[in-house]
1. Tell me the angle of helix 58-69 to the major Cα principal axis of the chain, expressed in degrees between 0 and 90 and rounded to the nearest ten.
2. Once Lys and Arg get +1 and Asp and Glu get -1 on their Cβ, which of Ile65, His7, Ala152 lies farthest toward the positive end of the dipole of the chain?
3. Binned at 10 Å from 0, what are the whole-percent values of the Cα-Cα distance distribution for the chain, short to long?
4. In 5 Å bins starting at 0, how do the alpha-carbon pair distances of region 76-140 split up by percent?
5. Please give the helix 198-207 orientation as an angle from the longest Cα principal axis of the chain, in degrees from 0 to 90, rounded to the nearest 10.
6. With Cβ to Cβ distances under 12 Å as the rule, what net charge do the other residues near Ser118 carry (K, R +1; D, E -1)?
7. For region 26-98, what class follows from the C-alpha gyration tensor (a ≥ b ≥ c being the square roots of its eigenvalues): rounded when a/c is under 1.5, otherwise prolate if a/b is larger than b/c, else oblate?
8. Give me the Debye-computed log₁₀ of I(q)/I(0) at q = 0.14, 0.19, 0.20, 0.21 Å⁻¹ for region 45-168, equal point scatterers on Cα only, no solvent, two decimals.
Amino acid sequence: MNILEKHEIFEMEVLDRLNSARILDFLVFGGGSMLRLCHEMKRFSVDLDFWKTRDIRDERILAEIEATMSQEYEITDSQLKYFTILIEVRSPHFPRRLKIEIRRELREWDYEHKIAFSKFSTLQVLVKAHTLKQTLINKIHALLDRGEIRDAFDIEFILRKGVELPSLSKTERAALLKQLEKFKTEDFKVILGSLLEPDIRKYYIEQQFSFLREKLM
């Protein structure tokens, strides 16, 4: 079992502990790890990302997660950042630290109930998760904002699931295409390739984001 597979077991374990402590009652699971664990996306994701659904003080959320995580793990980072609540934990049983990040912004998010699971873990956790439509909107904003290759991959994954692109202006489409042009072959081989399951790695090295590019034209 490789490092990413072991880390995914860690993610499921932490999700299960957050659920048992009722912390997931007021959070929506989103981002790449949600796509991986709830929709079987073939890209590993190493962080757990959440969004708030209730008007609860950020200090209380941080304190509750610290109390829950400290029972089993070493907390290596814990802080209220400008946009997020951040907690990082380490376990002697897993090779990598795990970062939990919660957006401090409170909004009406489009979500549904999903079961998070992994083929490397026996655990299953019922979560509130962003819908694919909501995640697509989030990922488009993320790609335009930070230009990470993983966000482009996630957008293409959601489109392949049959979700339609939201209404985009010519300027937005051009900006997204410009971001795609920035990714070099080495990015697909190393940065993205290291996170992909073997059966699709070769495809993305050769075809890159040709499917997504066509959708944006």
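The values are calculated or read from the model by the stated rules, or taken from the named source; none is laboratory data. Everything numeric here is computed off the predicted structure, so don't read it as measured data. Cβ: placed from backbone, ideal geometry, glycine included. Neighbour counts: every protein chain shown. Each accessible area value is taken on the protein alone, full model and side chains, heavy atoms only, with ligands, DNA and RNA left out. Shrake-Rupley method; radii C 1.70, N 1.55, O 1.52, S 1.80 Å.
1. Value to nearest ten degrees: 70.
2. So the residue furthest toward the plus end is Ala152.
3. Histogramming the chain at 10 Å steps yields 8, 33, 36, 19, 4, 0 percent.
4. 4, 13, 13, 21, 22, 18, 7, 1
5. 40 degrees
6. Numbers: positive: Lys6, Arg36, Lys119; negative: Glu5, Glu8, Glu11, Glu13, Asp16, Glu40.
That sum, taken over residues with Cβ under 12 Å, equals -3.
7. On the way: a/c = 2.07, a/b = 1.14, b/c = 1.83.
Oblate, because a/c is 1.5 or more while a/b does not exceed b/c.
8. -0.76, -1.33, -1.41, -1.46
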